[in-house]
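Here's the structure we're looking at; comments come further down.
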Amino acid sequence: MTKKQAAGRAKVGITLDDVINAAFDVLAKGGLAKLSTRAIAGELGVSMNTVMWHIRTKDRLLDALANAVLEEVDLENLPEEWDEQVIELLQRLRRA
């Protein structure tokens with residue numbers, strides 16, 4: 001077993017949330033162009049296979065990132081009028 005494999009096994013407790021958080025860190029540092037399985041694995045200190053086990057494909061990773069952003073949008077205390085609701089939701093989404 002290589003040192004890298006041993007390090008990956010030591011971090012067996014990696015979750016999808018850990019992968020998503022690491023992906024956001026990669027995005028913050030280098031933008032979408034730098035987002036890769038290799039970069040996320042490096043951020044977590046695990047093998048690329050460990051990351052792939054959680055995300056399967058880049059499309060699924062992007063979906064998970066989008067869902068994580070949408071979960072941050074507060075849906076409470078929206079204005080009464082539909083057009084004002086749309087404006088408020090878009091502003092909240094942008095802040096998220």
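May I ask you to list the GluC sites (Glu not before Pro) in segment 40-96 that are in a DSSP loop and have at most 16 other Cβ atoms within 10 Å of their Cβ?
Numbers: sites: E43, E71, E72, E76, E80, E81, E84, E88; in loops: E72, E76, E80, E81.
Taking segment 40-96 and a limit of 16 other Cβ atoms within 10 Å, the loop GluC sites (Glu not before Pro) found are E72, E76, E80, E81.
Give the accessible surface of the chain per residue, rounded to a whole number of Å², with probe radius 1.4 Å and ligands, DNA and RNA excluded.
Values: 7090 Å² over 96 residues.
On a per-residue basis, 74 Å².
What figure in square angstrom, to the nearest 10, would you give for the accessible area of D18 with a 1.4 Å probe?
So the heavy atoms of D18 present about 50 Å² to solvent.
Could you list the trypsin sites (Lys or Arg not before Pro) in segment 5-96 that lie in coil according to DSSP, counting only those with at most 15 other Cβ atoms within 10 Å of their Cβ? Each step should come with its number before you reach the end.
On the way: sites: R9, K11, K29, K34, R38, R56, K58, R60, R92, R94, R95; in loops: K11, R56.
In loop regions of segment 5-96 (DSSP not H, G, I, E or B), the sparsely surrounded trypsin sites (Lys or Arg not before Pro) are K11, R56.
Percent relative contact order of the chain, based on C-alpha pairs within less than 8 angstrom and at least six residues apart?
Working: 66 pairs, mean separation 22.5, N = 96.
Normalised by residue count, the contact order of the chain is 23 percent.
Percent of accessible area on the chain owned by carbon and sulfur, 1.4 Å probe?
53 percent
Using only the alpha carbon atoms of the chain, find the Kirkwood hydrodynamic radius as the inverse mean reciprocal pair distance, in angstroms to one decimal.
Working: mean 1/r = 0.0664 Å⁻¹.
Kirkwood hydrodynamic radius for the chain: 15.1 Å.
The values are calculated or read from the model by the stated rules, or taken from the named source; none is laboratory data. In this text the structure is predicted, and so the values were computed from the model without any measurement. Cβ: placed from backbone, ideal geometry, glycine included. Neighbour counts: every protein chain shown. Side chains included, ligands, DNA and RNA excluded: accessible areas come from the protein's heavy atoms. Shrake-Rupley method; radii C 1.70, N 1.55, O 1.52, S 1.80 Å.
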